[in-house]
Amino acid sequence: MLLEVKGLTKRFGGLIAVNNFDISVDHGEIMGLLGPNGAGKSTIFDLITGVTRLNEGSVIFNGKNITGKKPYQVAEEGIGRTFQLNPLFGEFTVLENVIAACHLHPKSSLLGTYFNSSAYRYNEKVIVEYSQELLRIVGLEHIKDEIAKNLPHGYQKMLGVARALATRPKLLLMDEPLGGMNPLEINFSLKAIEKLREQGLTFLIVEHNMRILKLCERIVVISFGEKIFEGSSKQVTENTDVIAAYFGSQHIA
């Protein structure tokens, strides 16, 4: 088991955003986390990555308890994340955006940076080569010199993925990777995710778009902060609780 979350609970005053939530993700798996707007999906990501402090529960990653760790510590442990709104450097090129995200590996000393040492120059060379490889993996190598803010929405989303990969994660949390995309961009992104899976990466994906189902071995559905379903992608489309959560009980028949 790569990720094991037990009893995750978060209260904002009198509002229970996440209630006693459990999930486990195996090595090499693509798991989907679905639910209607406001169900608590992004809050769960915030709790796992340390952006928001939980009230109760535990987060075990790769056999280590990381409950309460700060976001940069969670990233160092091997959990990467993408966001609904990509935090890109708009005036940077595509390649420069990925290079800027390579802050965890490798490291250079302050003195080495100041004096432009041979070790510093070697590290910079490694970072550039690694960044170019990441762009090749996500299918953006052909636009590496384009300015990020000028990219189509789908390309910006995949650039956000490349930036997350720059931290060398074992697990990638993806928050609505298909959100706001047109059909061509969705096809492009799904192929890129499949390619990353072939590299041995593990995924936990939050998404509204049901096309993500074809990539996922297992699906967890939440509503009002609570798990209401866990099973296969085929089972999720037939489950009455899921149908009621998305469309209302009148659609169950």
- [ ] List every residue pair whose Cβ atoms lie under 6 Å apart, where the two residues are 6 or more positions apart in sequence or sit on different chains, the first residue falls within segment 133-160 and is under 23 Å from residue 175 (Cβ atoms), and the second residue, located anywhere, is among the charged types (D, E, K, R) and part of a helix (DSSP H, G or I).
- [x] 135/141; 154/185
Task: Elements of type strands (runs of 3 or more DSSP E) in segment 1-60, at least 1 residues being in contact with a Gly (Cβ under 8 Å, 6 or more places away or on another chain) and assigned by TED's automatic domain parsing to the domain that holds residue 225 - done: 3-12, 15-25
- [ ] Say whether the condition of being among the acidic types (Asp, Glu) and under 15 Å from the mean Cα position of the chain (by Cα) is met by at least one residue in segment 213-222.
- [x] no
Open item on the list: It is to be established whether one or more residues within segment 213-229 are farther than 30 Å from residue 137 by Cβ and free of Cβ contacts under 8 Å to residues at least 40 places away in the same chain.
Closed with: yes
TODO: For residue 196, state whether it is touching a residue at least 24 places away in the same chain (Cβ under 8 Å), not in a strand (DSSP E or B) and not small (Gly, Ala, Ser).
DONE: yes
TODO: Confirm whether residue 180 is on the phi > 0 side of the Ramachandran plot, in the same structural domain as residue 30 (by TED's automatic domain parsing) and either modelled with pLDDT of 90 or more or in contact with a helix residue (DSSP H, G or I) (Cβ under 9 Å, 6 or more places away or on another chain) (or both).
DONE: yes
Open item on the list: Give me the residue from segment 129-151 that is basic (Lys, Arg) and closer than 16 Å to residue 89 by Cα and, out of that set, surrounded by the fewest Cβ atoms within 10 Å (Cβ to Cβ).
Closed with: 149
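The values are calculated or read from the model by the stated rules, or taken from the named source; none is laboratory data. Bear in mind the structure is a predicted one, so any value in this text is a computation, not a measurement. Virtual Cβ from ideal backbone geometry, glycine too; neighbours counted across all protein chains shown.
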